[in-house]
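The following block contains the structure, expressed as structure tokens.
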Amino acid sequence: RENLGEDPSSLHFMKREKSIAFVYVMGGTIVRLDQDYFIQNESYNDFSGGYKRYYPLIPRELISSEMKSVILQFKRYYGIADGTIMLVQIQSSTIEPATNTSDDSDDDESVTGQGIHTDGAERATLFCLERTNVEGAKNSFYADLDGDVPLCDGTVLKEGHLAHFKDNEIFHRVSPASQKDGSKPMRR
């Protein structure tokens, strides 16, 4: 968590911190570039798209150690060619006890600030690193933007689990989340 920076777009939904890295793989070695921002197309994200969003860089050491196997699995799974630039993000969404002390489900908060959407990437993977004191936050995938054609039941990604998907061919969302125990922080 010490390498994460505040996500300025999360002022309007659940507190989110993030770090990023543009990487490519060459002969099994992962190379991190120094670009510390990305721009999401505003046609995919009308709230925080269309401008540079700056974040701390994921440390090279983390990319070449703990994250290496996931990045290489993503590359193999999709048959991505050596030298292809990929965006890697680590983000943490939190609710502190003072923010939500009720067990009332009306206190659920949006994790992303978006409903059903696409991020405009060709391929994507969600990998859960931590899920502490979380109620809700189910990932769902759809064939349409309205959510009339679900592709599966909403699924809770447990720690260590992941979901690969073709972001430019389907739509996704994460349901609102709350604390299981309102006296303890929630972190996902």
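Which of (1) in contact (Cβ under 8 Å) with a residue 60 or more places away in the chain; (2) in a loop (DSSP other than H, G, I, E, B); (3) more than 23 Å from Leu87 (Cα to Cα) does Ser178 not meet, given it meets every other one?
Result: Ser178 fails condition (2) only.
How about region 17-38: which of its residues are of a type in the set (Val, Ile, Thr) and open to solvent by less than 20 Å² (accessible area, probe 1.4 Å)?
Matches in region 17-38: Ile20, Val23, Val25.
Continuing with this model, one more query. Examine region 66-85 for a residue that is under 19 Å from Ala163 (Cα atoms), surrounded by fewer than 14 Cβ atoms within 10 Å (Cβ to Cβ) and either modelled with pLDDT under 90 or of a type in the set (D, E, K, R) (or both), and state whether such a residue exists.
yes
Determine whether Val111 is open to solvent by less than 80 Å² (accessible area, probe 1.4 Å) and at pLDDT 80 or above. Working first, answer last.
On the way: open to solvent by less than 80 Å² (accessible area, probe 1.4 Å): yes; at pLDDT 80 or above: no.
No.
Does Ser140 qualify as being small (Gly, Ala, Ser), at pLDDT 90 or above and surrounded by 13 or more Cβ atoms within 10 Å (Cβ to Cβ)?
Yes.
The values are calculated or read from the model by the stated rules, or taken from the named source; none is laboratory data. Being a predicted model, the structure only gives us computed values, none of them experimental. Cβ atoms come from the backbone with ideal geometry, glycine included; neighbour counts cover every protein chain shown. With ligands, DNA and RNA removed, areas are computed over all heavy atoms of the protein, side chains included. Shrake-Rupley method; radii C 1.70, N 1.55, O 1.52, S 1.80 Å.
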